[in-house]
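Engineer: Structure below; questions to follow.
The values are calculated or read from the model by the stated rules, or taken from the named source; none is laboratory data. Model, not experiment: these values are computed from the prediction. For neighbour counting, all protein chains shown are included, and Cβ atoms are generated from backbone atoms with ideal geometry for every residue, glycine included. Each accessible area value is taken on the protein alone, full model and side chains, heavy atoms only, with ligands, DNA and RNA left out. Shrake-Rupley method; radii C 1.70, N 1.55, O 1.52, S 1.80 Å.
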Amino acid sequence: MENKVSMYILWFAIVLGVLGGGYAYIGWRLIAPLRLGPPWNLVAWSGLALLVVLPFLSSILMRTAEGLMDPFAWIAYVGLGFLSLVFTLLLFRDLAWFGTLAAAKIVAFAQGLFSDAEPVPADPSRRRMLLEMTGLGVLGAAGLLTAYGVYEARRKPGIVEVSVDIANLPAEFAGFRIVQITDIHAGLTVKRDWIETIAREVDALRPDLIAFTGDLADGTVAHLRNDVAPLGGLTAPHGKFFVTGNHEYYSGVLPWVDEARRLGYDVLLNEHRIVSRNGASIVLAGVTDPSGGQFLPGHESDPAVALRGAPAHTVKILLAHQPRTILQTGSLGVDLVLSGHTHGGQFFPWNLVATLAQPYIKGLHRHAGTWIYVSKGTGYWGPPVRLGARSEITVITLRAAAA
């Protein structure tokens, strides 16, 4: 328990430091140059500080007074997305700005070597006007990108069709369709209406098997049971399966495992099942999230344990929330890994963080003889913003690889 508290404190300090530093930069480069008089200077800085605090307040009250902060969640997280884009655009502007100033100084120095004429001094008023105009341009561009990002995040997930050629696939499984959903993140801004849309789309696909690769919810079962209920109505002739993501552990993993089972999912906690079709079979395994062992003894992610006792020379498919699990499968004979977690980066600059932590952030890849597909996620987390990474429901169709 003490380790868990220490981890939360460290996480809180890191995130607060990153956001505080980023927002201070925004204030320094946008608010300070305006030279606002009282009380508007105080109002501007206070508003910026409030947007730093609101996401944390929403997350805290989500666990202690669930429902109270729901009306403010949209302000908090849209604001977080907007200011993330403001920071990024400001950084690009300032890099260009200082690059231009440096180039001008170099040119002036070079001219001074060949001419005795005094250089023309810079006009401070013109520089200030340019700074203000580009600042307004940054705000306008960030506003437009945020609006479009919210539209992208809240639109119906796209249906992504992926064919995977697998060696030694039994003929009976040729054309077998696995529908993968992942990273819905039911909670502050993802509610029942959104999840009903997902359920309708999945049901219309008539999958042979449903795979949910983690991060169902952010919050407790008691608060979110009604929101996730539509997922219980989904059926597939060869079953529906669930593995834990990191957010299950943040929200109370054991109640969510019980709830997933109540919704009809076979929860694979470092386990495997034999899936049979017309007398042939394949192995479907699932691992806990790599963070699981930090929260609960026995929940350490272990693909080797998940496949222990599985029939040899049988096609093996592994469900794993985080793509980095592929790094543990080298000697296990896994044919295909299905994962999520990254949201496809969701939007810049957060996609850079995903790239640092994971070997792949979206799409189908070949890794040391094993296929891995990384979904961009069926929902979103944090800011309801997606840019260049539309949410998806994935249809994985198995094909026999040519000999």
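Engineer: Could you give the alpha-carbon Rg of segment 316-403 over 2.2 N^0.38 Å, rounded to two decimals?
Structural biologist: That works out to 1.13 for segment 316-403.
Engineer: Can you give me the % of accessible surface on segment 270-403 that is carbon or sulfur? Probe 1.4 Å, all protein chains present, nothing else counted.
Structural biologist: Carbon plus sulfur share of accessible area: 55 percent.
Engineer: Now, a different point. Could you work out the longest stretch of the chain that avoids the trypsin sites (Lys or Arg not before Pro) located in DSSP loops with at most 15 other Cβ atoms within 10 Å?
Structural biologist: Longest site-free region, per DSSP loop and neighbour criteria: 36-154.
Engineer: Next question, about the same structure. Using just the Cα positions, wrap segment 182-328 in a convex hull and report its mean projected area in square nanometres, one decimal place.
Structural biologist: Mean shadow area of the hull around the Cα atoms is 8.9 nm².
Engineer: Show me the three semi-axes of the equivalent ellipsoid for the chain, from the C-alpha gyration tensor (sqrt of 5 times each eigenvalue), largest first, rounded to whole Å.
Structural biologist: So the three semi-axes of the chain are 47, 26, 19 Å.
Engineer: Suppose each label sits 7 Å from its Cα in the direction of the beta carbon; what would the A102-L16 distance come out to in nanometres?
Structural biologist: 3.5 nm
Engineer: Compute the long axis of helix 70-114 from its Cα atoms, compare it with the longest principal axis of the Cα atoms of the chain, and write down the angle in degrees, 0 to 90, nearest 10.
Structural biologist: 50 degrees
Engineer: Continuing with the same structure: First measure r as the distance between the Cβ atoms of S331 and A357, then evaluate 1/(1 + (r/R0)^6) with R0 = 30 Å and state the FRET efficiency to the nearest 0.05.
Structural biologist: Computed FRET efficiency for S331 and A357: 0.80.
Engineer: Let me ask something additional. Quick one: compute the contact order of the chain, relative version, from alpha carbon pairs under 8 angstrom and 6+ residues apart, as a percent.
Structural biologist: 19 percent
Engineer: Alpha carbon centre of segment 230-274 versus segment 172-226: separation in Å?
Structural biologist: Between the Cα centre of segment 230-274 and that of segment 172-226, the gap is 10 Å.
Engineer: Please report the base-10 log of the normalised intensity I(q)/I(0) for segment 97-208, using a Debye sum with one equal scatterer per alpha carbon and no solvent, at each q in 0.10, 0.11, 0.19, 0.24 (1/Å).
Structural biologist: -0.64, -0.68, -1.10, -1.32
Engineer: Picking from L91, L54, L234, which is most flexible by a Gaussian network model of the chain using Cα springs under 10 Å?
Structural biologist: Looking only at L91, L54, L234, the biggest GNM fluctuation is shown by L91.
Engineer: While we're here: Give the angle, between 0 and 90 degrees and rounded to the nearest 10, that separates the Cα long axis of helix 40-64 from the longest principal axis of the Cα atoms of the chain.
Structural biologist: Helix 40-64 sits at roughly 10 degrees to that axis.
Engineer: Straight-line reach from K191: which lysines have Cα under 17 Å away, leaving out those fewer than 8 places along the same chain?
Structural biologist: By straight Cα distance, K191 reaches K156.
Engineer: What angle do you read, to the nearest 10 degrees and between 0 and 90, between the alpha-carbon axis of helix 253-262 and the longest principal axis of the chain?
Structural biologist: Its long axis makes an angle of about 50 degrees.
Engineer: Magnitude of the Cβ-charge dipole of the chain, K/R +1 and D/E -1, about the Cα centre, nearest 20 debye?
Structural biologist: Dipole size: approximately 480 debye.
Engineer: Tell me, rounded to the nearest percent, the portion of alpha carbon pairs in segment 124-265 spaced more than 28 Å apart.
Structural biologist: 38 percent
Engineer: Considering only V374, V315, V243, give the residue with the highest GNM mean-square fluctuation for the chain, with springs between Cα atoms whenever their separation is below 10 Å.
Structural biologist: V315
Engineer: Here's a follow-up. For segment 295-374, what is the charge dipole size about the Cα centre, in debye to the nearest 20, if Lys and Arg each add +1 at the Cβ and Asp and Glu each add -1 at the Cβ?
Structural biologist: 140 debye
Engineer: For n ≥ 4 DSSP H runs only, could you compute -39500 (n - 2.57) per run for the chain, divide by its residues and tell me the 222 nm figure to the nearest 500?
Structural biologist: It comes out at -15000 deg cm²/dmol, rounded to the nearest 500.
Engineer: Could you tell me, in Å, what Rg and Dmax come out for the Cα atoms of segment 141-188?
Structural biologist: Rg, Dmax (Cα atoms, Å): 17.9, 53.
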